[in-house]
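First the structure, in the form of structure tokens, and then the observations on it.
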């Protein structure tokens, strides 16, 4: 009788935790399935269609003189067999031209699967070969990633994948339409951060003070990163034009706030790292408290901050190196052309200033999350009841 009485609270807590996790998972799936009807964006693109095709024949042909003068050195008559779409199975011919430049040429061969573009018309089907199909290698990488996460994390790995998918859906289904409709990028980023943080913590860690501490720490760090990026972007008068895609985006809708989108990107970019730090600190303090229940709030806080100091080096490197790696080509260009791009000029490019702001604001937000999470977790583990909330 005693043993069953002792076991029932644990079983009850475990069952409740599973129920909360299942509830969070169901909520995530419902959010994925239910369309955001109120935020549909008008399609301003042309009626160009894209399908897959297989190259079945390539024949070299003489190139016209005018095209040779334009820099083209080879012409190919390419026959493809449509692989998808309403023209599946149809053989279609098109011409491609080579400049003997590996960066510009399509570099295709017989047997390759390619992406073709065409427009619906009553006339004969005319296509353009856009690029080689990279879908299979990408799909294999995604499957490998899923297998690695699930094999190592098991049920927790599955929950982590659900939370990741939920966050991606938030970005593509909720935030992107809001931004294209002209809604405030800052409000959109805050909304996505709150939803993503809440659901991720509930799915991964369950309903407990550990999750609450991590949520508060994450939102606090993201808030600091957002405020810092807003103020810095205003002081530096950044335009938000950080590439050709920004110009194209502006042409789609004049309502789009490019500077706001820059700030929004900084917040979303920092969210993952801040969540990682917050849950690590919160989990560590919970474990320390369980190992030594006599520790005071101050001692638990110090333990959390000390753990945070160990995390700082690697996590700061993670953010800085991620942004540096994505801009490596540009860095090499500036270093290779020092005379044309002196430091005083480089540092004043909007693109460079934006990338530096992105990295530093995210890192400062992550650092701020450490003491916030440590203090919150220490409080919950001393003044509140640690563990699951019944």
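The values are calculated or read from the model by the stated rules, or taken from the named source; none is laboratory data. Values in this document were obtained by computation on a predicted structure and should not be read as measured data. Note: ideal-geometry Cβ built from the backbone for every residue, glycine included; neighbour counts use all protein chains shown.
Give me a count of the residues in region 136-162 that are more than 19 Å from the chain's Cα centre (by Cα) and in contact (Cβ under 8 Å) with a residue 60 or more places away in the chain.
Here the count works out to 0.
Yes/no per residue for (1) under 18 Å from the mean Cα position of the chain (by Cα); (2) under 19 Å from residue 258 (Cα atoms); (3) without any contact (Cβ under 8 Å) to a residue 24 or more places away in the chain:
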site: 169; (1), (2), (3): yes, no, no
site: 190; (1), (2), (3): yes, yes, no
site: 213; (1), (2), (3): no, no, no
site: 227; (1), (2), (3): no, yes, yes
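Any chance you could count how many residues in region 272-297 are surrounded by fewer than 12 Cβ atoms within 10 Å (Cβ to Cβ) and in contact (Cβ under 8 Å) with a residue 40 or more places away in the chain?
2
Can you pull out the residues in region 106-124 that are surrounded by 14 or more Cβ atoms within 10 Å (Cβ to Cβ) and either without any contact (Cβ under 8 Å) to a residue 40 or more places away in the chain or outside the structural domain of residue 52 (by TED's automatic domain parsing) (or both)?
Hit for region 106-124 is 106, nothing else.
Yes/no per residue for (1) assigned to a loop (DSSP other than H, G, I, E, B); (2) farther than 25 Å from residue 237 by Cα; (3) assigned by TED's automatic domain parsing to the domain that holds residue 243; (4) more than 27 Å from the chain's Cα centre (by Cα):
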| site | (1), (2), (3), (4) |
| --- | --- |
| 321 | no, yes, yes, no |
| 331 | no, no, yes, no |
| 335 | no, yes, yes, yes |
| 358 | no, no, yes, no |
| 366 | no, no, yes, no |
| 370 | no, yes, yes, no |
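Between residues in region 42-60 that are surrounded by fewer than 10 Cβ atoms within 10 Å (Cβ to Cβ) and residues that are at pLDDT below 90, which pairs lie under 7 Å by C-beta distance while being six or more apart or on different chains?
44/252; 47/119; 47/120
Going through 127, 63 one at a time, which residue ends up being modelled with pLDDT under 85 and either surrounded by 11 or more Cβ atoms within 10 Å (Cβ to Cβ) or outside the structural domain of residue 177 (by TED's automatic domain parsing) (or both)?
Answer to the check: 63.
So for region 200-208 (the condition being buried (at least 16 other Cβ atoms within 10 Å of the Cβ) and touching a strand residue (DSSP E or B) at 6+ places or on another chain (Cβ under 6 Å)), does at least one residue qualify?
Yes, region 200-208 contains at least one residue that is buried (at least 16 other Cβ atoms within 10 Å of the Cβ) and touching a strand residue (DSSP E or B) at 6+ places or on another chain (Cβ under 6 Å).
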